[in-house]
Amino acid sequence: MNTKLPSNQVQFYLPNLDSLESSEQAFADAFLRTAQTLHQYLIQLQSAVKAIQGFTDEPFNSAILGLYSKLCSHYYSYVLLEIYQQDQIGINFLVEQLCEATITLMYLLEEADQALLYEYISASIEQACYLLVDVKDKLKESPKNVELLKLKEKLEIFVSTHQEYPTQYSSSTKPKTRWGFPTADTTNKRADLLGFKFICNPARQFSSKVTPASWLDLYLNYAQPSHNSASNSKLCINFTRLRDISHLCLHTTQSFLEEVVHRNNFSSSSLASQQNRLTSLYEWFHNAHRLYQLHHSQDH
């Protein structure tokens, strides 16, 4: 196969930690430059895998590439919010989306069997069917609503193009529990094991159903008690979270690359060159965070 993974297209300039000033701004600038390099690398890998002829013909490949694309799209947006805005609402949303994508991707890569893929896709077919019923009911009130009509068409195409899944496997091979349920061995359980308890927090799942900008939404999510002086304190960059999210992206990229190389019979040297880059980035974030903690007493 002619398609190759990228080798030297991204300029890997990582800030020199030995000459880095000890100010928080200097660390913020250094983390941002390295995050930019990482993001460019992630996007380049995504484009290279997309270019592999016939790669997305298999549903499994399409799923893992889609999840990896979601990882790429949210990582740099999170970094910018963390460093420049310290917008906790936006940060929490992006971190949650990114963690959901990476945990799901890692779970699919580690298990990689047909029954799991069936469960993953079938859960979305079921959700699409429920949404389609709601959209059709809403169209009775607004039959000419353009956006509703577009959504209805998309849902119908999605359901019709996945008709083989409800009958593809016998009842004995169908999962006993639905994807995403706390009792299922899927992303919720994996998130809990990895320490991302906020993803599978039932209180968060209920709160997310509250109508945005409603009086209840304001009370639950935005009310700031006047007696809580901590809520009025200046927000700081969370360098520990920057490191951990970057490491999560790097760890996921490593597993993603291994699967792509395996499925396309690339040479081991092709993977090794990418692993060296991932390792250098991983070590930089680790060492930069450790250096930051040496200079600053607060734990971020």
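The values are calculated or read from the model by the stated rules, or taken from the named source; none is laboratory data. No experiment lies behind these values; they were computed from the predicted model shown. All Cβ positions, glycine included, derive from the backbone under ideal geometry; neighbour counts span all protein chains shown. SASA here: full protein model, heavy atoms, side chains in, ligands and nucleic acids out. Shrake-Rupley method; radii C 1.70, N 1.55, O 1.52, S 1.80 Å.
For Lys234, the conditions (1) modelled with pLDDT of 60 or more; (2) loosely packed, with under 10 Cβ neighbours inside 10 Å; (3) farther than 19 Å from Glu96 by Cβ are fulfilled apart from (1).
When residues in the range 43-59 are screened for being assigned to a helix (DSSP H, G or I) and touching a Lys or Arg at 6+ places or on another chain (Cβ under 9 Å), 3 of them pass.
Okay, residues lined up against (1) under 16 Å from the mean Cα position of the chain (by Cα); (2) open to solvent by 60 Å² or more (accessible area, probe 1.4 Å):
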residue	(1), (2)
Ala48	no, no
Gly54	no, no
Lys70	yes, yes
Ile91	yes, no
Ala101	yes, no
Tyr107	yes, no
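In the set (1) closer than 30 Å to Glu21 by Cβ; (2) surrounded by 16 or more Cβ atoms within 10 Å (Cβ to Cβ); (3) under 21 Å from the mean Cα position of the chain (by Cα), Trp284 fails one condition alone, (3). Scanning the range 256-279 for residues that are assigned to a helix (DSSP H, G or I) and surrounded by fewer than 12 Cβ atoms within 10 Å (Cβ to Cβ) returns His262, Ser268, Ser269, Ala272, Asn276. Figure legend. Inter-residue proximity from the range 19-36: first residues farther than 18 Å from Asp244 by Cα and in contact (Cβ under 8 Å) with a residue 12 or more places away in the chain, second residues part of a helix (DSSP H, G or I) and open to solvent by 60 Å² or more (accessible area, probe 1.4 Å), beta-carbon distance below 6 Å, spacing 6+ or different chains. Indicated pairs: Ser22/His295.
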